[in-house]
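Take a look at the structure below.
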Amino acid sequence: MAAITERKFLGFPEGFLWGAATSHFQIEGHPEELSHRLSDWSQWTATAGKIADASTADLACQFFERFGQDMEICRDLHLNAFRISLNWPILCPVAPEPGQPLVLDPKGVIYYRELLASLKADGVTTFVTLFHFTLPHWLSAKGGWNNPESASDFANFAEQAVTAFGDLVDFWLTLNEPLAYVYQGYVSGLWPPGYKHDYLGAFTSIRYMLEGHALAYKAIHNLRPGAKVSFAMHWRPFVPKTRWNPFDCMVTYFRNYVFNRMFPQAVQLGKLSFPYPISKNGAVKALSGPILGLKGTQDYIAVNYYTRELSCFKFKWPIDLFGVASDKPEFEVNCLGWENFPDGFYQTLVNGLKPFKYNLDGSVRPIYVTENGFPTAFNADMEEGDWSLADDLRVHYLETHLHALHRAIKDGANVKGYLYWSLLDNFEWAEGLKARFGLVRITYPTQERTLRKSAHVYADIAKKNGILSGSMVENEI
Ligand code: BGC
């Protein structure tokens, strides 16, 4: 039994936001989307062999029908912030006619207005993402983010979204994790469009995503000058697997530059730059350079943190500057093989994000943690028993990461809110339904919602606006 040490109360700043994050495709099970396969992702999941456990998101958590019940859960958990994403494929099911104004699907507008209004009625601060990984099929059919038109298609959608929902949204996020998206879609090939090692495709998408972000930022601010707009970056500290090995250090440099820094740096400076010698490649060079209206388009910092990565060089020809992620962890890993590394969270908040600390007018940007969470693996067809409810590992992850967050705030990080990923178990992309991140368990065969131990722990933290030092789990074991 671990020694019981005295636990100290660590309070968070007044008005701190405690919330949960979600995304539409992972929870909604939107009936229109299922019946018409309106997005690249619903088409992808209908293709055999794409999802690890052969599940689909066709029902997901049936959030579309059950969000009233889920909002009640948020109330019970004392959450004062909630992040959703808009289903672009549902809101824009057909390609807009050239020269004609874009009109959002009225049924889709009613649904999101109802959902957002119910959050606002409860006094919940709303975060709304415009692109969380799924493209309308008409856009993916013309090349998705590789098509230069994607930037203006996205901005048109943003403009209509702010017209329809602007009065109900506190924080806008244009894009979710652009680098995670292009990595999976163009390098690992695990997500649509499913290309492998297509770095040029990935970089091309990044260029148009930056253009789309800049245009969307402007469209939102034109209609709502006081709006708070950003994009969610996935920040992952990279560490050379063998610290003294210059080759491991080299790939660590490239991975960190491209995955963490390249996108926010482009926004900060208003121009896209690739690292040398990649920047010397003619096709890549053509993508680099200034982007109109991009500079400083980040009213706050939105960061998603899960883990760090150990990087190693792999001997092969032609040389791959990015190397690979090591499969030999140094700390405990979760069911997806990700190390638990709360210190990386602290480092990210205190040091990693420093270059993006200031707005153009010199004011300090607030930071919101828009995702942080822990998965456990249970098959989607499990129906009975209290499996996965006593989720001590998740509680431990949550507590240690909140301790790191508290320390980061004490050491000067301007963090104003934390959103746990995720409220509910949900569809974890290529991993399917089996990898579960929820504070709340979904029994998929019945869609029953059951609070896990972590939900109770988190509710207590949110209610008291603070956490005890030390670990509840260790003290109980
Ligand atoms: C994404 C989520 C995803 C989560 C856990 C983030 O990269 O935004 O959609 O479910 O991580 O993998």
Seminar exercise, completed: Stretched fully, the stretch from Q265 through D343 gains (0.36 nm per residue minus C-alpha distance, one decimal, in nm) 25.7 nm
Exercise. Can you give the % of DSSP beta bridges in the chain that are antiparallel, to the nearest 5?
Worked result: 30 percent
Seminar exercise, completed: Filtered hits (aspartates and glutamates, Cα-Cα < 14 Å from K50, offset >= 8 within chain) -> D40, E428, E431
Exercise. Which value, in Å² and to the nearest 10, is the accessible area of T47 when all protein chains are kept and the probe is 1.4 Å?
Worked result: 70 Å²
For this session: Provide the descending list of Cα extents for the range 361-465 along its principal axes, expressed in whole angstroms.
Result: 53, 29, 18
For this session: For the range 285-352, report the translational diffusion coefficient in µm²/s to the nearest whole number, using Stokes-Einstein at 10 °C, 1.306 mPa s, and a Kirkwood Rh over Cα pairs.
Result: 102 µm²/s
For this session: At a temperature of 4 °C and a viscosity of 1.567 mPa s, determine how fast the range 239-366 diffuses translationally according to Stokes-Einstein, using the Kirkwood radius over alpha-carbon pairs as Rh; express D in µm²/s, rounded to the nearest whole number.
Result: 78 µm²/s
Problem set entry | Cα-based Rg / Dmax (Å) for the range 16-86 | 14.2, 44
For this session: Let me know the charge dipole size of the chain about its Cα centre in debye, to the nearest 20, where only the beta-carbon of Lys, Arg (+1) and Asp, Glu (-1) is charged.
Result: 1820 debye
Seminar exercise, completed: For the chain, the percent of accessible surface on carbon and sulfur atoms (probe 1.4 angstrom, ligands and nucleic acids excluded) is 56 percent
For this session: With θ set to phi - 60°, apply the Karplus curve 6.51 cos²θ - 1.76 cosθ + 1.60 along the range 33-49 and write out the HN-Hα couplings as whole Hz, x wherever there is a Gly or Pro.
Result: 5, 5, 6, 10, 6, 7, 10, 4, 6, 6, 6, 4, 5, 7, 9, 4, x
Seminar exercise, completed: In this structure, among K280/K410; K8/K453; K241/K464, pairs with alpha-carbon gaps over 31 Å are K280/K410; K241/K464
Problem set entry | Accessible area in square angstrom per residue, the chain, 1.4 angstrom probe | 40 Å²
Problem set entry | Computed label-point distance, nm, for sites S288 and E6 using a 7 Å Cα→Cβ extension | 5.7 nm
Exercise. Taking 0.36 nm per residue of separation and subtracting the Cα-Cα distance, what length does fully extending L200 through A48 add?
Worked result: 52.0 nm
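The values are calculated or read from the model by the stated rules, or taken from the named source; none is laboratory data. Nothing here was measured: the structure is a model prediction, and the numbers come from that model. A quick note on method: Cβ atoms are made from the backbone with ideal geometry, for glycine too, and the neighbour counts reach across all protein chains shown. These accessible areas exclude ligands, DNA and RNA; they are computed on the full protein's heavy atoms, side chains included. Shrake-Rupley method; radii C 1.70, N 1.55, O 1.52, S 1.80 Å.
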